[in-house]
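Everything on this sheet refers to the single structure shown next.
The values are calculated or read from the model by the stated rules, or taken from the named source; none is laboratory data. Quantities reported herein were computed from a predicted structural model and do not represent experimental measurements. Cβ: placed from backbone, ideal geometry, glycine included. Neighbour counts: every protein chain shown.
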Amino acid sequence: MKYCCFITVRSSSSRLPQKCFLDFNGINTLEHIILRCKYGNLFPIICTTTNKKDNKIEKIAKDLKIPYFRGPEKNKILRWLLCAKKFNIKYFHTVDADDLFFDWTAIIKSIQQLYLKKIDIIFPSKVSWNGGASEGYSIYYKCLEKIFELNPSLKKKSKELEFIEPYIKNKNFRYTIFKGMRYEIKSARLTLDYNEDYVLLKKISKQIGSFCDRKNINSFLKENSNLLKINFHKNLDWKRKQNKIINKIKL
């Protein structure tokens, strides 16, 4: 089974401008994400936007000889669906380009569960959702088709559609939350949204390497828990903004 990962990325980031192009041990963060996918036996596909600002993202995909897709800038869910249809992919996992130390073991396990249990979507574990950034969503593409069938107005390319949860958590879909791995740690923030995140991630990379598996990364952080103080305080601000957007969708 090929474990396809859609690397969801665009260059327009507000909190940390151009974060997908930041230096990370001699390459940029997007190149690191692509190479980490390959290192973990995942098949990466760049999923970016048609905005001219993202031409550089397309060039990176071409340089590293991986497939890419360019779709709606605001409607991320539609972008995923169109990407899946272009490459005829039924099952895929979403990898955010700001989750620099995603857990390839957890991702493979999530995709396998999606396929074997015939589920529409598997949400990230609670630890991952709360800043742990270990895995994203495993999705059966027909699940996305059903979202737009049930909510035709959402299919507009100009529609701001960032979060999928409000449209999934009902009787029309079979979904579950990924249980997570036993070696997860709750007190680590490993996503890239603020400069403090960037500082921590670079320190980890410098100490144990860019392509260390997540189990060993978590063990390292348990032994050096003082490092977690660098950015974990930003989690409150980040979650507050995320919840504000989700509540606005529900209203």
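Annotations for the structure displayed:
- Sole residue being surrounded by fewer than 22 Cβ atoms within 10 Å (Cβ to Cβ) and more than 20 Å from the chain's Cα centre (by Cα), chosen from GLY26, GLY40: GLY26
- Residue within the range 211-225 that is small (Gly, Ala, Ser) and farther than 24 Å from TRP80 by Cβ present: yes
- Positions within the range 1-21 being buried (at least 20 other Cβ atoms within 10 Å of the Cβ), hydrophobic (A, V, I, L, M, F, W, C), touching a helix residue (DSSP H, G or I) at 6+ places or on another chain (Cβ under 7 Å) and farther than 15 Å from GLU73 by Cβ, in sequence order: CYS5, PHE6, ILE7
- Subset tally (residues that are buried (at least 19 other Cβ atoms within 10 Å of the Cβ) and in contact (Cβ under 8 Å) with a residue 60 or more places away in the chain) for the range 176-193: 6
- A search for C-beta distances below 7 Å between a residue of the range 194-208 that is of a type outside the set (A, V, I, L, M, F, W, C) and any residue that is assigned to a helix (DSSP H, G or I), counting only pairs 6+ apart in sequence or on different chains, returns TYR194/LYS234; GLU196/ILE230; GLU196/LYS234; ASP197/LYS234; LYS203/LEU227; GLN207/PHE220.
- Tally of residues being of a type in the set (A, V, I, L, M, F, W, C), in a helix (DSSP H, G or I) and within 18 Å of GLU184 (Cβ to Cβ) across the range 112-132: 2
- Of all the residues in the range 115-139, those that are surrounded by fewer than 23 Cβ atoms within 10 Å (Cβ to Cβ) and over 23 Å from TYR198 (Cα atoms) number 8.
- Exclusive hit being surrounded by fewer than 20 Cβ atoms within 10 Å (Cβ to Cβ), at pLDDT below 95, under 23 Å from LYS90 (Cβ atoms) and not polar (S, T, N, Q), set LYS169, LYS159, LYS146: LYS169
- Filter result (without any contact (Cβ under 8 Å) to a residue 40 or more places away in the chain and within 30 Å of LEU201 (Cβ to Cβ)) within the range 117-175: TRP129
- Within the range 67-91, residues that are buried (at least 20 other Cβ atoms within 10 Å of the Cβ) reach partners that are of a type in the set (Gly, Ala, Ser) and in a helix (DSSP H, G or I) with beta carbons closer than 6 Å, at six or more positions or on different chains, in the pairs TYR68/ALA61.
- Residue match in the range 90-98 (condition: basic (Lys, Arg), closer than 28 Å to SER158 by Cα and modelled with pLDDT of 95 or more): yes
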